[in-house]
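Here the structure is laid out as structure tokens; the discussion comes afterwards.
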Amino acid sequence: MRTQGELTLETDRRHLMHPGTHASDHASGQLDVRLMTRATGIRIEDHAGRSYIDAFAGLYCVNIGYGREEMADAIAAQTRQLSFYHTYAGFSNDPAVELSRRLIEEWAPPGMKKVFYGMSGSDANETQIKLAWYYNNVLGRPRKKKIIARQRSYHGSGIATGSLTGQPKFHAGFDLPMQQVLHTASPDFYRDARPGASEAEFVADCVEHLEQLIAREGAGTIAAFFGEPVMGSGGIVPPPAGYWPAIQAVLKRHDILFAVDEVVCGFGRLGSRTGSEHYGLEPDLMSVAKGLTSGYLPLSGVIVSERVWDVIERGSREQGAMNHGWTYSGHPVCAAAALTNLDIIEREQLVRHAADVGAYFQTRLHEEFDAHPLVGNVRGVGMLAALELMADKTERRPFPAALKASQRVAQAALARGLIVRALGTNDIVGFAPPLVATRADIDEIVAITRHALHDAGDGLSVS
């Protein structure tokens, strides 16, 4: 007799459409499906009772770890008091108001003024695009509408945000990217620098690429530049030294809004409150999500600078209300979850903890894998890290795509009870453990990864 879990998985194959999943393999049963049933701390369990260390915090989300009773209590209490009301036309609620105050006064960089809420990083970045367009319309600059993002970036999977995302696999089959979206060079020093170039020379090349793009298109046609402080799903790529000051100088000189995507980097992931704080960024617009609630409920925000808000306010006087919004903007239960999440992060000093354990994590990865024959590059910052696999690390020759090297490593890790993620357009194994992970947890993650590389290496040629 089949178990309830097996029956549920059969129903899953019949009726549930999964994101980013091979539809035929899933429906036919060729793809293994795991029904996740419970979790606590950094560990998650499936229907068969198998336990895994989640070294990717869901999808960079679960900063405070799983199973927090305090979060469940706060969500339940707010549901009993006010389960929902919209925030259109001046309606509001206590949790959304208090969350906005805390984000502006305690978490955002200087110069930020207002918060607009949504449900995901994708809709937050969609809002950023619309605000950049609205901003220039109010200022009487109808041609200043193009958006620059970077090759291999990830900013979402909608029509506009999928266009921003600089990875062809997110464009294929969807008639993307939109014509208004342009892409400049990725800040990937390991993969893209000229042979023998220093980091400073590579930064100069990135700046020159951006300057040429702006000159070709015309600064008067470009509204905004989107950037993740550390590039996330494009391969976990920290910027080389001097990159962000140089890029920001170009944007200021050409009067191009800087839209910072903090969806992955925010709320302690880098060992700082935000990626903007970590790298000294001065955003005009800033999107947050994921770590805002640690994934306990869906919530995103766009934090708007004083500079942009002044123009939005002017627009309302001249044109009436700006007609943009979502049904669940400022949802009281989601906001209550975010407030409790921030309480936990602050009380347990998880930003400082992430800086300390994150530094240990980076050291252990370098100690273990810098000399590994399958690993070409070890990189990261804080509790965000990656191993880039190479068939020949000396010549930087990648594995043939058909070998799916990083997926082999991820599957081998999964078989040993560790969840990591294959990322990007090359073979990259990504890590983003919950911020509550300890040094002992890091040692276990590194040890299992070492075994997984050995297991996967049997099917990979390094000659």
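We did not get these values from a lab; they are worked out from the coordinates using the rules stated. Since this is a predicted model, take the numbers as computed values, not measurements. For neighbour counting, all protein chains shown are included, and Cβ atoms are generated from backbone atoms with ideal geometry for every residue, glycine included.
Mind putting a number on the dipole of the chain about its Cα centre? Charges go on the C-beta only, +1 for Lys and Arg and -1 for Asp and Glu, and I need it in Debye to the nearest 20.
My answer is approximately 840 debye.
Determine, for M112, M36, M178, the number of other Cβ atoms within 10 Å of each Cβ, and report the residues in order from fewest to most.
Result, fewest neighbours first: M36, M178, M112.
³J(HN,Hα) across the stretch 175-184 via Karplus (A = 6.51, B = -1.76, C = 1.60, θ = phi - 60°), whole Hz, x for Gly/Pro?
Per-residue couplings from phi come out as 6, 10, x, 4, 5, 6, 9, 10, 10, 10 Hz.
Going by the alpha-carbon gyration tensor, a ≥ b ≥ c the square roots of its eigenvalues, is the chain rounded (a/c under 1.5) or, if a/c is not under 1.5, prolate (a/b greater than b/c) versus oblate?
The shape class here is oblate.
Counting other beta carbons within 10 Å of each residue's own, what order do H18, H47 fall into, fewest first?
H18, H47
Any lysines with Cα under 18 Å of the K145 Cα? List them, leaving off those in the same chain fewer than 8 positions away.
K130, K252
How large is the helix-only mean residue ellipticity at 222 nm for the chain, computed as the sum of -39500 (n - 2.57) over DSSP H runs with n ≥ 4, divided by its residue count, in deg cm²/dmol to the nearest 500?
Only helices count here, giving -12500 deg cm²/dmol.
Quick one: of the DSSP bridges fully inside the chain, what percent are antiparallel, nearest 5?
Of those bridges, close to 65 percent are antiparallel.
If contacts are Cα pairs under 8 angstrom and at least 6 residues apart, what is the relative contact order of the chain in percent?
Across the chain, relative contact order equals 20 percent.
Calculate one ³J(HN,Hα) per residue across the stretch 355-362 by plugging θ = phi - 60° into the Karplus curve 6.51 cos²θ - 1.76 cosθ + 1.60, and present them in order as whole Hz with x for glycine and proline.
5, 6, 5, x, 4, 5, 4, 4
Return the sequence-ordered ³J(HN,Hα) values of the stretch 105-112 in whole Hz as given by the Karplus equation 6.51 cos²θ - 1.76 cosθ + 1.60 applied to θ = phi - 60°, using x for Gly and Pro.
Listing the rounded values in order: 7, 10, 10, 7, x, x, x, 9 Hz.
In percent, what relative contact order does the stretch 71-347 have, based on Cα pairs under 8 Å that are 6 or more apart in sequence?
Answer for the stretch 71-347 is 29 percent.
Restricting things to alpha carbons, find the Rg to Rh ratio for the stretch 71-347 using the Kirkwood radius for Rh.
0.97
Under a cut-off of 18 Å between alpha-carbon atoms, report the lysines in cross-link reach of K393, not counting same-chain residues fewer than 8 places apart.
K404
Order these by the 10 Å Cβ neighbour count, fewest first: L16, L292, L103, L414.
By the 10 Å Cβ count, ascending, the order reads L16, L414, L103, L292.
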